[in-house]
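Asker: Pasting in a structure now, in structure tokens, and then I'll have a few things to ask.
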Amino acid sequence: MNLVIQGEDVQTRDLKDLHRLVEGEAIERISDNAFRITRAAERRTEVAAHCARASLDWGFVGEGRRFGDFALLAMDMDSTLISIECIDEIADFAGRKAQVAAVTASAMRGEIDWPESLRRRVKALAGLDESALARVHAERLRFNPGAEALLAAAKRNGVKTLLVSGGFTFFTDRVRERLGFDYAYSNTLDIAGGKLEGTVSGPLVDAHGKAGHVARLKRELGIARERVVAIGDGANDLLMMAEAGTSIAYHAKPVVKAKADYALDYVGLEGLLALFPDSSGLSGARPGSGK
């Protein structure tokens, strides 16, 4: 196994300490923010403790693993691919952001039923002018660091990309077009007379819905579980992540990090390319981390 270390500021002292700890063979530079310790002993508890103190991401990866080994990349959108929770920002235009954001946070921690939380939050939007959606997209929606590099690498390596969101099609459709996702699924807000009705229609994309889309694509495309990588941050991503052979918790809630194969806490989405190098040899990315 190789040990990949990543962070905003990787100190030489920490690299040397970790090299000794895992009795590694060599320290290889991946980028300014990521390093690989080769042929490392899997001393996970000790590595985790050291990296927590040093604010570093880490991950043990089998030697020779590459991003091109995957055939499907499945991602959550809000707070994973993008930096906001769209429903919270929409609610801001209705003067109800604090109320809605509290429900969102509780649902992401797995404390309340997600479908019920969605119904409660969407109801709070009733009567809002639909122009608020366009304003959130134009003024507040931003990709998290590394998003574009990761999607570009997927295209270069022939990895299919799936965006599955408990948010809304207004945003997933636009994000799909901007980044070139192969597939995108989300919930549809009901609008009448230019106003949000406070309801959603169509099949609900909740935790089971997200997992169902991944499972269906695996069957339709003939992709083995081991060739799927999934990235999420909230409790409603766990079933989707369980459908993947490799799961990544991105700046995630504790319940998600506890079950994921790797965690990216200090770096961007390009961190996946430090764990699993771009098979095309054109990285174009800064690093990220694992757990």
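The values are calculated or read from the model by the stated rules, or taken from the named source; none is laboratory data. All values derive from a computational prediction rather than experimental measurement. FYI the Cβ positions are ideal-geometry reconstructions off the backbone, even for glycines, and counts take in every protein chain you see.
Asker: Restricting to the stretch 5-36, and then to whatever is within 25 Å of the chain's Cα centre (by Cα), in a strand (DSSP E or B) and of a type outside the set (S, T, N, Q), can you tell me which residue is surrounded by the most Cβ atoms within 10 Å (Cβ to Cβ)?
Answerer: The initial filter retains those residues of the stretch 5-36 that are within 25 Å of the chain's Cα centre (by Cα), namely 5-10, 29-36.
If we keep only those that are in a strand (DSSP E or B) as well, we get 5-6, 29-31, 34-36.
Those left that are additionally of a type outside the set (S, T, N, Q): 5, 29-30, 34-36.
Numbers: ILE5: 28, ARG29: 11, ILE30: 19, ALA34: 26, PHE35: 24, ARG36: 22.
Restricting to residues being within 25 Å of the chain's Cα centre (by Cα), in a strand (DSSP E or B) and of a type outside the set (S, T, N, Q), the top hit is ILE5.
Asker: Any residue at all in the stretch 165-187 that's in a strand (DSSP E or B), of a type in the set (A, V, I, L, M, F, W, C) and buried (at least 21 other Cβ atoms within 10 Å of the Cβ)? Even if it seems obvious, please write down each step before you answer.
Answerer: Keep residues of the stretch 165-187 that are in a strand (DSSP E or B), which gives 165-168, 183-187.
From what is left, the residues that are of a type in the set (A, V, I, L, M, F, W, C) are 168, 184.
Going one step further and asking which of them are buried (at least 21 other Cβ atoms within 10 Å of the Cβ), we end up with 168, 184.
For the stretch 165-187, residues in a strand (DSSP E or B), of a type in the set (A, V, I, L, M, F, W, C) and buried (at least 21 other Cβ atoms within 10 Å of the Cβ): present.
Asker: While we're looking at this one, here's another question. Every residue in the stretch 115-135 that is in contact with a strand residue (DSSP E or B) (Cβ under 7 Å, 6 or more places away or on another chain) and either in a helix (DSSP H, G or I) or more than 21 Å from LEU189 (Cβ to Cβ) (or both), please. Quick ask: steps written out before the conclusion?
Answerer: From the stretch 115-135, those in contact with a strand residue (DSSP E or B) (Cβ under 7 Å, 6 or more places away or on another chain) are 118, 122-123, 125-130; that's our starting set.
Residues satisfying the conditions are LEU118, VAL122, LYS123.
Table: residues versus (1) of a type in the set (Phe, Trp, Tyr); (2) touching a Gly at 6+ places or on another chain (Cβ under 6 Å).
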site: ALA40; (1), (2): no, yes
site: VAL47; (1), (2): no, no
site: GLU63; (1), (2): no, no
site: PHE67; (1), (2): yes, no
site: LEU73; (1), (2): no, no
site: SER79; (1), (2): no, no
site: ARG96; (1), (2): no, no
site: ALA101; (1), (2): no, no
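Asker: Cβ-Cβ under 6 Å, sequence separation 6+ or interchain: first residue in the stretch 192-205 and farther than 18 Å from ASP88 by Cα, partner assigned to a loop (DSSP other than H, G, I, E, B) and modelled with pLDDT of 95 or more. Which pairs?
Answerer: GLY194/GLU130
Asker: While we're looking at this one, here's another question. Quickly run through the stretch 98-150 and pick out the residues that are of a type in the set (A, V, I, L, M), modelled with pLDDT under 95, surrounded by fewer than 19 Cβ atoms within 10 Å (Cβ to Cβ) and within 23 Å of the chain's Cα centre (by Cα).
Answerer: Within the stretch 98-150, ALA101, ALA102, ALA105, ILE112 meet the criteria.
Asker: Now, a different point. Name every residue in the stretch 206-232 that is outside any helix (DSSP H, G or I) and modelled with pLDDT of 95 or more, in order of residue number.
Answerer: GLY222, ILE223, ALA224, VAL228, VAL229, ALA230, ILE231, GLY232
Asker: Next question. Does ALA71 meet the test of being under 30 Å from ARG216 (Cβ atoms), out of contact with any Asp or Glu (no Cβ under 8 Å at 6 or more places or on another chain), crowded, with 16+ Cβ neighbours inside 10 Å and aliphatic (A, V, I, L, M)?
Answerer: Details: under 30 Å from ARG216 (Cβ atoms): yes; out of contact with any Asp or Glu (no Cβ under 8 Å at 6 or more places or on another chain): yes; crowded, with 16+ Cβ neighbours inside 10 Å: yes; aliphatic (A, V, I, L, M): yes.
Spelling it out, ALA71 is indeed under 30 Å from ARG216 (Cβ atoms), out of contact with any Asp or Glu (no Cβ under 8 Å at 6 or more places or on another chain), crowded, with 16+ Cβ neighbours inside 10 Å and aliphatic (A, V, I, L, M).
Asker: For ALA138, state whether it is free of Cβ contacts under 8 Å to residues at least 24 places away in the same chain, farther than 16 Å from LEU81 by Cβ and part of a helix (DSSP H, G or I).
Answerer: Yes.
Asker: While we're looking at this one, here's another question. Of the residues LYS218, LYS155, LYS210, only one is under 15 Å from ALA74 (Cα atoms), surrounded by fewer than 19 Cβ atoms within 10 Å (Cβ to Cβ) and either among the aromatic types (Phe, Trp, Tyr) or in contact with a strand residue (DSSP E or B) (Cβ under 9 Å, 6 or more places away or on another chain) (or both); which? Write out each step before concluding.
Answerer: Details: LYS218 fails: surrounded by fewer than 19 Cβ atoms within 10 Å (Cβ to Cβ); LYS210 fails: surrounded by fewer than 19 Cβ atoms within 10 Å (Cβ to Cβ).
When all the criteria are applied, what remains is LYS155.
Asker: Related question: With the structure loaded, tell me whether ALA244 is touching a strand residue (DSSP E or B) at 6+ places or on another chain (Cβ under 8 Å), surrounded by 24 or more Cβ atoms within 10 Å (Cβ to Cβ) and either in a loop (DSSP other than H, G, I, E, B) or modelled with pLDDT under 95 (or both) or whether it fails that test.
Answerer: On the way: touching a strand residue (DSSP E or B) at 6+ places or on another chain (Cβ under 8 Å): yes; surrounded by 24 or more Cβ atoms within 10 Å (Cβ to Cβ): yes; either in a loop (DSSP other than H, G, I, E, B) or modelled with pLDDT under 95 (or both): yes.
Judged against the criteria, ALA244 is a match.
Asker: Also, quick follow-up: Among the residues of the stretch 80-97 satisfying the criterion of being charged (D, E, K, R) and in a loop (DSSP other than H, G, I, E, B), which is nearest to ASN144 (Cα to Cα)? If you could, list the steps in order and put the result at the bottom.
Answerer: At the first step, the residues of the stretch 80-97 found to be charged (D, E, K, R) are 85, 88-89, 92, 96-97.
In the following step, the residues that additionally are in a loop (DSSP other than H, G, I, E, B) were identified as 85, 96.
On the way: GLU85: 12, ARG96: 25 Å.
Within the stretch 80-97, the match that is nearest to ASN144 (Cα to Cα) is GLU85.
Asker: Mind checking which residues of the stretch 37-65 are within 22 Å of the chain's Cα centre (by Cα) and surrounded by 15 or more Cβ atoms within 10 Å (Cβ to Cβ)? Reasoning before the result, please.
Answerer: Initially, the stretch 37-65 is screened for residues within 22 Å of the chain's Cα centre (by Cα), giving 48, 51-52, 55-62, 65.
Within the stretch 37-65, CYS51, LEU56, ASP57, TRP58, GLY59, PHE60, VAL61, ARG65 qualify.
Asker: Can you pull out the residues in the stretch 87-96 that are charged (D, E, K, R) and farther than 14 Å from SER117 by Cα? If you could, list the steps in order and put the result at the bottom.
Answerer: First, pick out the residues of the stretch 87-96 that are charged (D, E, K, R): 88-89, 92, 96.
Residues satisfying the conditions are GLU89, ASP92, ARG96.
Asker: Taking the options GLY95, GLY166, name whichever one is at pLDDT below 95 and touching a helix residue (DSSP H, G or I) at 6+ places or on another chain (Cβ under 6 Å).
Answerer: On the way: GLY95 fails: touching a helix residue (DSSP H, G or I) at 6+ places or on another chain (Cβ under 6 Å).
Every option except GLY166 fails the conditions.
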